[in-house]
1. Going out from 0 in 10 Å bins, what whole percent of all Cα-Cα distances in segment 95-145 drops into each bin?
2. Run the simple label-point estimate for residue 55 and residue 162 please: 7 Å along Cα→C-beta, distance reported in nm.
3. Which whole-number value in Å² is the accessible area per residue of segment 133-278, probe 1.4 Å?
4. So how far, in whole Å, is the C-alpha centre of segment 163-207 from the one of segment 237-280?
5. Top to bottom by accessible area (1.4 Å), largest first, where do 71, 201, 214 land?
6. What order do you get for 39-48, 187-196, 240-249 when each peptide is scored by the mean count of other beta carbon atoms within 10 Å, highest first?
7. Quick one: accessible surface of residue 261, probe radius 1.4 Å, all protein chains present, in square angstrom to the nearest 10.
8. Relative contact order, percent, of segment 158-245 when contacts are C-alpha pairs under 8 Å separated by at least 6 residues?
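The values are calculated or read from the model by the stated rules, or taken from the named source; none is laboratory data. These numbers were taken from a predicted model, which means no experiment stands behind them. Heads up, the Cβs are rebuilt from the backbone with ideal geometry, glycines too, and the neighbour counts pull from every protein chain shown. Ligands, DNA and RNA are stripped out before the accessible areas are found, and what is left, the full protein with its side chains, is counted by its heavy atoms. Shrake-Rupley method; radii C 1.70, N 1.55, O 1.52, S 1.80 Å.
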Amino acid sequence: MAVPIAILDCDLLLYGRGHRTLDRFKLEDVTDEYLVSMYGFPRQFIYYLVDLLGASLSRPTQRSRAISPETQILAALGFYTSGSFQTRMGDAIGISQASMSRCVANVTEALVERASQFIHFPEDEASVQSLKDDFYGLAGMPGVLGVIDCTHVTIKAPNAEDLSYVNRKGLHSLNCLMVCDARGALLSAETHWPGSLLDCTVLQQAALNSQFETGLHKDGWLLGDSSFFLRTWLMTPLHIPETTAEYRYNMAHSATHSVIEQTFRTIRSRFRCLDGSKGTLQYSPEKSSHIILACCVLHNISLEHGLDVWSSPATGQMEQPEEEYEQMESLDSEACRIRRELLLTHFS
């Protein structure tokens, strides 16, 4: 006698009609410790995400039942923080590996849609001054609006002919330009640049460059390392310091700029889908870029909720490829004048 086999359509599970959902997993039935170990975040944080993203993740169609926003968010967090579609994780919330993949896509797009809400420079004068004060408190560097750097995230090869994503280590990657504040919250994140581009080229083409060149952010500057050109709004270290003031400037610059390096390590540790320990992101450059940006949004939200300590050791390949570059000194005389004045005023 033939046994009938039920074939479940993943779309049917994801986009149900009305409010009928497949609620196999209840947050209130498990401990915070379990949630953190499986999905990387505690209960209240997950509840916040359900409130934030719920409307975007509830899309009524003509299908019969849907996976709840809560379950979709758990599936996505499980992938972001582990880097894999583990069978045990899907089993825990009662969905298949294919459904988990679709949940990740849905939650990723919902987070990307809200990126500007959580990743932005402060606009009011008091907040800008507070930003500068926080940076000054680190190492005595005045006028700092943010620290800037690039980091690479490895992805699968888009196709055999496209070499634009091959970085200096021979890996396919996205070169991500980011700026953070003194506590590591991201103020800007552009995650879509091909890995073959040098950091200075990424900045030259970035929206961030236009914002500062047009004076959107005034009366201060970013701090960048020697892979960038010195500009009126971007202070870089001196290549060969000679005077006491120049040494003091470089030391303050290095101590302040290290915040972005710590931020990269924190993001890499929390979101293991980015660190290479489970392999490269197996998506197109566009989808990979969105996943990275979604993790950046979650990073900022987690800081807002006081989740700024992550003790897991960093591993994997989300590292800046070693670049062979000459010192990027600017021919901009005004930028040189501003740096000299900074040296004389604050470090002599």
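1. Pairs per bin, as whole percents: 22, 25, 19, 17, 14, 1.
2. With each label point 7 Å from Cα toward Cβ, the separation is 3.4 nm.
3. On the way: 5720 Å² over 146 residues.
Heavy-atom accessible area per residue stands at 39 Å².
4. After rounding, the separation between the Cα centres reads 14 Å.
5. 214, 201, 71
6. Working: 39-48: 18.3, 187-196: 20.8, 240-249: 14.1.
Most protected by this proxy first, the peptides run 187-196, 39-48, 240-249.
7. For residue 261, the solvent-accessible surface is approximately 80 Å².
8. Details: 101 pairs, mean separation 16.7, N = 88.
Once divided by the residue count of segment 158-245, the mean separation gives 19 percent.
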